[in-house]
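The values are calculated or read from the model by the stated rules, or taken from the named source; none is laboratory data. In this text the structure is predicted, and so the values were computed from the model without any measurement. Every residue, glycine as well, gets a Cβ built from its backbone with ideal geometry; the counts of neighbours run over all protein chains shown.
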C-alpha cells in the first residue's frame, strides 16, 4: 500500500450560529506512508486535534472539509462521507484523557467486547479474546480487570484498556492524541513501550499528536510542525530538533522542556485569530525574522532536507533536494 | 442535572453519595447501608413534616363551620363540640392524635356526606390512577424517543420541533387545552365522547383493580376496553401535555451531554456500531436524570390531574377535592393534598434508590 | 466604543450598555410583553367597550368588526375583557411574585451566608414545601386562609418564595468562603450589609430569569384557581374565570368565549418563558 494518509492544502471550516465561521485548520499538508511514524506538534489550538478527527471521521457536525484534498488509506476521499468499516477497524485513535473515554456505566470486559464486535469477533469468543488482549498488554490479572468498572481503575490502567480497544482490530493507522499527557512518568514509559511494541509487530503507521518533544523523539521518525492551522514545516525528527528551518519550529524547540539546560524560553505574543483564512505567514507578528515581504507574500512550500518549510526567510540554509511543490 | 423549565420540577438539591465522598475508588457495603438508611430516614422525616403542615392547615380551618354545629349554636354547644373533637387539648396532643389517625388511614369526616374521607378517596383513587397512568404512558412514549432524537442532533430539525413542543406545552394551561380538545374532538369532529367522565357502561365483569381499562383488558372484554380508552384519550392527552415538556427537556439535555462526552466519541472511534452506541451506551447513561424527572412528574401528575378531572368530569380524587373546596369541606381537600404529597415523596426517594442501584460507581465492589 | 464611553462618562456608558443589552432581547416576546404591560397600565381606559357592561341584545355574538373577539353569555365584549383582565392576572402575579422574590432572595442569601444549622433547617423546610404539588399547595393555603384576592397574592408569594431561596442560595453559598467576603468581614462590615449590598447582586441575572419564569407560572396558577372558582370572581375580568364561564357554550359551538382568554394566557406565558431562557443564557455566557 502506498500512502496511508495524504492531506494537501486541507482547510476545515466550523460554522457557528450567529457568528462568523472559524477556520481552525487552514492549510495542512500531511503525508504518511505505510509504516511511517510521524508526529504533529504545535501549541494547543493550532489544529492538531481537529486534523486527527478529520482522519477518524469524528469532525463535529458543524465542521466541513472546505478546501484541499484528503485521501485515507490510498482509496477513501474524505471530502465525501467517511467510509464505513474503516473507523476502528483500519484507523484507530487513542485519546488524551483515558478515564473519560471509557463508558462509566459498563464493565471493562463489556466495553472491549463492543470494540471486538466491531472488529468482527464472534459473540462467544469476545470475553476470552478481551482477556487475552488485556494479557497481551502486560496487564496483571487480566480476567479480574475485565470484570471491573472504569472508576475502579487507575488512569494508566484505563489508558491500557483504551489501547486494547483501539488495537483489537489491528488497525493500519493509529492516531494517538496526547496519549501520555495525563499519566505519570512510569506509566508513560510503559504505555509508550506498548505502542512501540504494536507498531514494530504490525508494521502499522502512527500519527502522534503531542506537545511533548520527548515523547515525539521516542516514537516518531518525522515531524510536522503546525501553527495556526497551517503545517509550517515537515522533516525528519533529527533535523527539526537539531536545526529547524522555520523560525516557529526553532522557537518551539527552544521553548520546550527538551532543552532542560537552557533557561526557560517562551514565545511572546498570541496566536492569530482563526476567524479568517490567512494566506500570508501566520507567524509573522511574533517572528524575530519577519521582514516587510512577510506581510504581503502568499506562501508556498520550499523544499528542505527530506521535507518542506513554509517560510520566506528560513533560519537554516535550504538544500536543493526534496520534492518541491508549488502552491 | 439538566434542569427543566419549571422551578418546582428541578429536583431537590440533595447530593448523591458520589459527590459527597468525592470520587471513591469503591463503595463498601457499609456505605450503601448508610446511604439507604439515610434515604429512608429522609423519607419518613419529610412525610412527617408534610403531615404536620396539613395538620397546621387543618387547625387553621377549625372555625365553627368546621365544627359542624350550625349557625345558631350556643357557646356551650361549641365548647362541647370542641371538647368532643379534642380541640381543647394542648397542641402537641392534638398533633399526636392527628398523626395516630393518619397512620390508621383516618383522614377525618367529610362535612357534606358525613362519610370518612379515607374511604371516599379510596373509592375515587382508581379513576385518578387510570388517568395519571395513561398520561404518563403517553408522555413517555412521546418524550423519551423525542428527547433522544432531538439530543442526538442538537439544533437539527427534530430538536427545533421538540423545543417548540416543549415550550408550547409548558405555556398552555391544561384546563384550557382540555376545553379546546373537547370543542374540536367532540363538538366539531364528533369523534370523541362527551366529557362525561369514564366509559364504564359496557363493562359487565366484576372490577378487579377498579381501573376500567385494565379491568376490561383483564376480562378480555374488547368492546369495554375500546370504549374506556375512547373516554380516556382526550383527558390523558390533556394531562400529558403539561407533564411532557420537562421529560422532553431532561431527556434531550441528557442525550446532548452524552453525545458530547469523550466516551461517546471514543466508542465511535473504536468502530462500535451506531446501534450499539445508542442502545448500550446512551440509554444507561441518560437513565439517571430521566428516572429522576419521571419521579418528579408522577408527583406533578396528582396536582395537574385536578383541573383535567374538573374539565372532563372525571370521577377521581382531584374533582373530589375541588367540589369539596366549593362547599368549604376541607378534610377531603387536605386528605387529597396529603396523599399526593406523600406519594411524591415516596416515588422521589424510591427513584433515588433505583438510580443508586443502577450506577456501577455506587454499587458494592467485591 | 462602549468601552471608551465608560472610561470618559460612567452614566452615558451605562446608558449605552443598557441600549446594547435591550437590542439583544428576543424581539417577539419583548414586543408581546410590552403590549401586555401597556394593557396593564392603560388597558381599561382604552378598550372599545366597558368590560363589565352586560348587553342582553348582543348575547353570544360571534367575532365581528364591532366585537373583535365576540361577546359572552351576558353580551359583554370579550376583547375588552381580555385586555382589562391583563391588569388582574399580571398585576396579581407580579405583586405576589415580587413579595416572594424579595423575601426569598433575602432569606436565601442570608442562609447561604450564615450556613450551619440555619441553612440546613431552611433547606429541609424548602424540600418539604416543594413536596406538595404546586396547585394542591395553593388549594390547601386557600383552605387555611380563606378565599379572597388578598389571599391570592399571599398564595402566589408563598409558592414562589421557595424557588428564590433555592436559586439565590445556590449562587451565593460558594461565595461564603471567598477572600473578598472575608476581607469585608475583617474591615468590620455588618452581616446584613454584606448580604444585601455585596452578596445579593451576584445573583441578579438568576433572579431576573426566575422572575420572568415564576411570573408566568403565577399567571397559570391564578387562572387555574379562578377556573375552579377561587381567587378572582366573575364578572370581574380574569382570564381563568372567563375560560370557565365560556366552557358550557363550547358545546353549543360558541368557541370564542373560552378561546381568546386562553390564547392571552399562552402568549404572555410563552413570552415570559422566552425572556427567562434569555436571562439563563446570559448567566451561562457570563459565568
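Things worth noting here:
- Filter pass, residue C:281 being assigned to a helix (DSSP H, G or I), within 30 Å of residue C:53 (Cβ to Cβ) and more than 11 Å from every other protein chain (Cβ to nearest Cβ): no
- Which numbered condition residue C:163 fails, given (1) within 26 Å of residue C:239 (Cα to Cα); (2) at pLDDT 85 or above; (3) more than 12 Å from chain B (Cβ to nearest Cβ); (4) crowded, with 24+ Cβ neighbours inside 10 Å: (3)
- Test: residue in the stretch B:242-260 that is surrounded by fewer than 17 Cβ atoms within 10 Å (Cβ to Cβ), assigned to a helix (DSSP H, G or I) and within 14 Å of chain A (Cβ to nearest Cβ): yes
- Within the stretch B:330-365, tally of residues that are more than 9 Å from every other protein chain (Cβ to nearest Cβ), touching a residue at least 24 places away in the same chain (Cβ under 8 Å) and surrounded by fewer than 24 Cβ atoms within 10 Å (Cβ to Cβ): 15
- Checking residue B:266 against (1) assigned to a helix (DSSP H, G or I); (2) crowded, with 24+ Cβ neighbours inside 10 Å; (3) in contact with a helix residue (DSSP H, G or I) (Cβ under 6 Å, 6 or more places away or on another chain), the condition it does not meet: (3)
- Condition met for residue C:177 (exposed (fewer than 15 other Cβ atoms within 10 Å of the Cβ), away from chain B (no Cβ under 12 Å), farther than 21 Å from residue C:126 by Cβ and at pLDDT below 85): yes
- Residue in the stretch A:274-287 that is within 18 Å of residue A:239 (Cβ to Cβ) and part of a loop (DSSP other than H, G, I, E, B) present: no
- Residues in the stretch A:105-128 that are more than 14 Å from every other protein chain (Cβ to nearest Cβ) and in a helix (DSSP H, G or I): A:124, A:125, A:127, A:128.
- Single unsatisfied condition, residue B:117 versus (1) within 14 Å of chain C (Cβ to nearest Cβ); (2) in contact with a strand residue (DSSP E or B) (Cβ under 8 Å, 6 or more places away or on another chain); (3) at pLDDT below 85: (3)
- Among residues of the stretch C:68-126, those that are without any contact (Cβ under 8 Å) to a residue 12 or more places away in the chain and within 14 Å of chain B (Cβ to nearest Cβ), counted: 4
- Within the stretch B:312-325, none of the residues are free of Cβ contacts under 8 Å to residues at least 40 places away in the same chain and closer than 30 Å to residue B:149 by Cα.
- Restricting the stretch C:246-264 to residues that are within 8 Å of chain B (Cβ to nearest Cβ) and part of a loop (DSSP other than H, G, I, E, B), the residue that is farthest from residue C:51 (Cα to Cα): C:251
- Look at (1) in contact with a helix residue (DSSP H, G or I) (Cβ under 7 Å, 6 or more places away or on another chain); (2) farther than 25 Å from residue C:75 by Cβ; (3) within 9 Å of chain B (Cβ to nearest Cβ); (4) buried (at least 24 other Cβ atoms within 10 Å of the Cβ) and you find that residue C:243 fails only one, number (2).
- Under the condition of being in a loop (DSSP other than H, G, I, E, B) and without any contact (Cβ under 8 Å) to a residue 40 or more places away in the chain, the residues counted in the stretch A:138-169 number 4.
- Residue-level check: of (1) closer than 21 Å to residue B:313 by Cβ; (2) touching a helix residue (DSSP H, G or I) at 6+ places or on another chain (Cβ under 8 Å); (3) at pLDDT below 90, residue B:176 misses just (3).
- Annotation: residue B:309 fulfils all but one of (1) modelled with pLDDT of 90 or more; (2) facing chain C (nearest Cβ under 10 Å); the unmet one is (2).
- Number of the condition not met by residue A:186 [criteria: (1) over 21 Å from the mean Cα position of the chain (by Cα); (2) modelled with pLDDT of 85 or more]: (2)
- For the stretch A:74-97, a residue qualifies if it is at pLDDT 85 or above, touching a strand residue (DSSP E or B) at 6+ places or on another chain (Cβ under 6 Å) and more than 23 Å from residue A:183 (Cα to Cα), and exactly one does: A:91.
- Enumeration of residues in the stretch A:269-309 that are out of contact with any strand residue (DSSP E or B) (no Cβ under 8 Å at 6 or more places or on another chain), surrounded by 12 or more Cβ atoms within 10 Å (Cβ to Cβ) and on the phi > 0 side of the Ramachandran plot: none
- Residues considered: B:163, B:197. Of these, the only one that is closer than 30 Å to residue C:239 by Cα and not in a helix (DSSP H, G or I) is B:197.
- Residues within the stretch B:311-326 that are part of a helix (DSSP H, G or I) and surrounded by fewer than 24 Cβ atoms within 10 Å (Cβ to Cβ), tallied: 4
- In the stretch C:130-158, the residues that are in a helix (DSSP H, G or I) and more than 8 Å from chain B (Cβ to nearest Cβ): C:138, C:149, C:150, C:151, C:152, C:153, C:154, C:155, C:156, C:157, C:158
- Given (1) more than 14 Å from chain B (Cβ to nearest Cβ); (2) within 21 Å of residue A:53 (Cβ to Cβ); (3) not in a helix (DSSP H, G or I), index of the condition residue A:181 fails: (1)
- Evaluation of residue A:100 against (1) at pLDDT below 90; (2) at the interface with chain B (Cβ under 9 Å from one of its Cβ atoms); (3) within 19 Å of residue A:190 (Cβ to Cβ) (one fails), failing number: (3)
- A single member of A:87, A:61, A:79, A:53 is out of contact with any helix residue (DSSP H, G or I) (no Cβ under 9 Å at 6 or more places or on another chain) and either within 10 Å of chain B (Cβ to nearest Cβ) or within 22 Å of residue A:199 (Cβ to Cβ) (or both), and it is A:61.
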